[in-house]
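Visitor: Structure provided below as structure tokens; questions to follow.
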There are 2 protein chains.
Amino acid sequence: MTVMKTPLPAVVDVPVALAGRQYVIHVGPGLLDQLGERVAALRPTSIVVVTDPTVAALYLERAVRSLQPVARTEHFVLPASEAAKDLAAAAKVVDALVAARADRRSLLVALGGGVVGDIAGFAAAIFMRGIRFVQVPTTLLAQVDSSVGGKTGVNHAAGKNLIGAFHQPGMVLADTSLLHSLPAREVSAGLAEVVKHGLLADADYFAQVEGLMPRLLECDDAALGPVVARSCAIKAGVVGRDERESGERALLNLGHTFGHAIEAMSGYGRWLHGEAVGCGLCLAADLSRRMDLIDSGDLQRIEHAVASARLPVRIPGFERGRAIEQMRGDKKSEGGRMRFIVLERIGRAAQRLVPDAVLDATLVAGGYV
Amino acid sequence: MTVMKTPLPAVVDVPVALAGRQYVIHVGPGLLDQLGERVAALRPTSIVVVTDPTVAALYLERAVRSLQPVARTEHFVLPASEAAKDLAAAAKVVDALVAARADRRSLLVALGGGVVGDIAGFAAAIFMRGIRFVQVPTTLLAQVDSSVGGKTGVNHAAGKNLIGAFHQPGMVLADTSLLHSLPAREVSAGLAEVVKHGLLADADYFAQVEGLMPRLLECDDAALGPVVARSCAIKAGVVGRDERESGERALLNLGHTFGHAIEAMSGYGRWLHGEAVGCGLCLAADLSRRMDLIDSGDLQRIEHAVASARLPVRIPGFERGRAIEQMRGDKKSEGGRMRFIVLERIGRAAQRLVPDAVLDATLVAGGYV
């Protein structure tokens, strides 16, 4: 039998060192067909691919074909949606691992977006007290966000991601060419996190993203590769310096206090997480300007970047009182001031207590009633 | 208000260092009434005590009374049995944490035997990706075995403890006076692990346990204290040198390959785990003698220790073929030989490949047909 070898594309490797473990995020086009070659070194006894119906139709066959020479490969298609991301879904993945006769040396491959990664990663964390898993994120959001940090988990009626575990993947394959099939709206949603990474940590990167925006929206592999890699490296740097979220990691929540409130107030599903975060970044920038940290030129530049990613700069009409109440639930209020992540300049974020009057002015400017 | 201070009993502290974390097992009589004082340093925002109906009737009120001055204290009584130790039970504990408005800084107190510790510890591991928990083991088995190692988990239809996590407690309070209410049969079952610890790691300790046996069976605090502490220290030493079970930790399975087969063949519940292990220790000793590692004097001494703990030395009548098949499922067979934990002498265990003929002879001698 002749084995066709896929030529190696340009791949950027991002090392991540967390919880005393080290793994690599491989970033580049066409990596899916190298999945088997790349996981072979893990010497799994068997492999179970977990995916969702949409991704299964597009990429499951290629994944399984690549993996089969390495070890017996089974698969499980999970009906994945944020609404179905619960303990019962994780239990189904565990059942699938049992049915596939998985053991401690088996490998779970999570092929899909954030929901698949969260559920399958959590199942890998709790099956036999933790088996290895490899992530093949198929959305831009999952490639730049969920690839780093080891957060896995499911929702509970009382809150999102209330049940979960920290479980680092053995490897991440971020194949940028998988994003060609991603709906434009989800590409934009992923770009919200990319813009955020530039804003909170790296002014040069922010400028680079501004320039690349049209090509990123078209999912040009040559533009996506370095951006996915740089975003992962920024997140890995922040998380590596603060694994359990006591300090610096909170900076990754730039725009998220506003974003979470928008998602909650509009009902989950109305706006994508990335869309709410895009708007949240603009509100956080407005807050930063009102606190004299950045100037109005910076604010306009940030709003322009968000708009050019085809994300909403303003989502008007929410009630201010309700928004503040929502955000108080998300954050701790300290004597009439809430703690927010603000920008000290483009490329540097910090936690600050924000007076209620300043917050109110930002909400008014954002079209809140 | 006058606060009655309980006088400090003689407490032995056993330090455990695992997974980069350090905690202490406090061992001594009367510790339950110091629970609050001792967890105060953890500064929990709130406390949830998880227990079972039997233990609740005996000790819940004392636990809650001690904890209430530290933080708002809620409790949840779990119908705990090995048969009900499943994911649904862990989910109920999570629901109870939600109902008690627990947050990341809350503390879960597992007050009970191994089943409560396993379920509640697992719930603590997955709630908000891990909150702190303190174990107050109320059985001898839980005090000498579950206190060390950080293993938490629940059963799956396909296997015991198939779902779980490694999650180290913040502290363990092994109050030996709680054992006064323990049925005699469960005291004996706990002593099986005590005998095992002496056999695998410390000949002097084994001799000490032989001498103390009548007082241990009567739950004499002055005898139990040093024994619980020494057993915990032995297990902590072994586990600390091999946290993820690649090598030395396997030695803790002395007698367990036989024990698990006995439990499975007789139907779970017929024999307590410790009873099956007691018999398993005798079979492992017989195997060791047939391999010329120990002499028949050692074997008799081991059988006498097991018998004096009121544990079964022989459980005759099982079919050899079925037993071997059962043990093959538990272990990997390597070319007609199975790997067992055997004794090189009293006080030192090792892994060895055992020829099938030797295993067969041991089973015949053990009354297997």
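Just so it is clear, none of the values below were taken in a lab; they were calculated from the coordinates. Since this is a predicted model, take the numbers as computed values, not measurements. All Cβ positions, glycine included, derive from the backbone under ideal geometry; neighbour counts span all protein chains shown.
Visitor: Mind checking the dipole of region B:184-365: about its Cα centre, +1 per Lys or Arg Cβ, -1 per Asp or Glu Cβ, Debye to the nearest 20?
Guide: Dipole magnitude for region B:184-365 comes out near 340 debye.
Visitor: Still on this model: When only C-alpha pairs under 8 Å and at least 6 residues apart count, what is the relative contact order of chain B, in percent?
Guide: 15 percent
Visitor: How many nanometers, to one decimal and shortest first, lie between the label point of B:ARG345 and those of its other copies, if labels sit 7 Å from Cα toward Cβ?
Guide: Distances to the matching label points in the other copies: 7.2 nm.
Visitor: Report, to the nearest 10°, how far helix A:296-308 tilts away from the longest principal axis of the Cα atoms in chain A, using its own Cα long axis and a range of 0 to 90°.
Guide: With both axes taken from Cα atoms, the answer is about 40 degrees.
Visitor: What shape does the protein assembly as shown have by the C-alpha gyration tensor, where a ≥ b ≥ c are the square roots of the eigenvalues, rounded means a/c under 1.5, and otherwise prolate means a/b greater than b/c and oblate the rest? Can you show the working numbers first?
Guide: Working: a/c = 2.74, a/b = 1.58, b/c = 1.74.
Oblate is the answer for the protein assembly as shown, as a/c is 1.5 or above yet b/c matches or exceeds a/b.
Visitor: Quick one: check the C-alpha center-to-center distance for region A:34-100 versus region A:210-289, whole angstrom.
Guide: Between the Cα centres of region A:34-100 and region A:210-289 lies a distance of 28 Å.
Visitor: Right, here's the next one. State the volume of the convex hull built on the alpha-carbon positions of chain A, expressed per residue in Å³ and rounded to an integer.
Guide: Convex hull of Cα atoms, per residue: 124 Å³.
Visitor: Ok, one more. Could you size up the charge dipole of chain B around its Cα centre, putting +1 on the beta carbon of Lys and Arg and -1 on that of Asp and Glu, and report it in debye to the nearest 20? Can you show the working numbers first?
Guide: Numbers: 40 positive and 39 negative charges, 179 e Å.
Dipole about the Cα centre, nearest 20: 860 debye.
Visitor: Here is a follow-up. Pairs of alpha-carbon atoms within less than 8 angstrom and 6+ residues apart define the contacts here; what relative contact order does region B:48-131 have, in percent?
Guide: 39 percent.
Visitor: Continuing with this model, one more query. Just want the ordering: A:VAL98, A:VAL238, from fewest to most Cβ atoms lying within 10 Å of their own Cβ.
Guide: A:VAL98, A:VAL238
Visitor: A further question on this structure: What is the spin-label model distance, in nm, from A:ALA41 to B:LYS160 if the labels are put 7 Å beyond Cα along the C-beta direction?
Guide: Reported label-point gap for A:ALA41 and B:LYS160 is 3.9 nm.
Visitor: Let me confirm one metric for peptide A:156-163, namely the mean number of other chain beta-carbon atoms within 10 Å of its residues' beta-carbons.
Guide: 5
Visitor: In nm, what does the list of distances from A:ALA307 to its counterparts in the other copies look like, shortest first, when each label sits 7 Å along Cα to Cβ?
Guide: For A:ALA307, the other copies' label points sit at 9.2 nm, shortest first.
Visitor: Something else: Sorted from shortest, what are the nm distances separating the label point of B:ASP13 from equivalent points in the other copies, each placed 7 Å from Cα along Cα to C-beta?
Guide: 4.6
Visitor: Would you mind ranking A:GLU344, A:GLU263 by Cβ crowding within 10 Å, fewest neighbours first? Kindly include the intermediate steps, with their values, before the conclusion.
Guide: On the way: A:GLU344 14, A:GLU263 22.
Fewest to most other Cβ atoms nearby, the residues stand as A:GLU344, A:GLU263.
Visitor: Tell me, how many Å apart are the Cα centres for region A:149-166 and for region A:108-141?
Guide: Here the two parts' Cα centres lie 13 Å apart.
Visitor: If you put +1 on each Lys and Arg Cβ and -1 on each Asp and Glu Cβ, how big is the dipole of the protein assembly as shown around its Cα centre, in Debye rounded to 20?
Guide: The dipole magnitude comes to about 140 debye.
Visitor: Rg(Cα) of region B:184-365 divided by 2.2 N^0.38 Å?
Guide: Relative to the rule-of-thumb radius for its length, region B:184-365 sits at 0.97.
Visitor: Given only helices, namely DSSP H runs of n ≥ 4 each adding -39500 (n - 2.57), what is the per-residue ellipticity at 222 nm of chain B, to the nearest 500 deg cm²/dmol?
Guide: It lands at -13000 deg cm²/dmol.
Visitor: Which pairs in the list A:LYS92/B:LYS151; A:LYS85/A:LYS235; B:LYS151/B:LYS235; A:LYS160/B:LYS160; A:LYS92/B:LYS160; B:LYS196/B:LYS235 are over 20 Å apart, alpha-carbon to alpha-carbon?
Guide: Working: A:LYS92/B:LYS151 23 Å; A:LYS85/A:LYS235 24 Å; B:LYS151/B:LYS235 13 Å; A:LYS160/B:LYS160 29 Å; A:LYS92/B:LYS160 17 Å; B:LYS196/B:LYS235 10 Å.
Beyond 20 Å: A:LYS92/B:LYS151; A:LYS85/A:LYS235; A:LYS160/B:LYS160.
Visitor: Sort A:PHE127, A:PHE258 so that the residue with the fewest other Cβ atoms within 10 Å of its own Cβ comes first and the one with the most comes last. Please report the intermediate quantities before stating the final value.
Guide: Numbers: A:PHE127 26, A:PHE258 30.
Ranking A:PHE127, A:PHE258 by Cβ neighbours within 10 Å, fewest first, gives A:PHE127, A:PHE258.
Visitor: Then there's this: What's the ranking of B:156-163, A:278-285 by average number of surrounding C-beta atoms within 10 Å, highest first?
Guide: The peptides rank, most packed first, as A:278-285, B:156-163.
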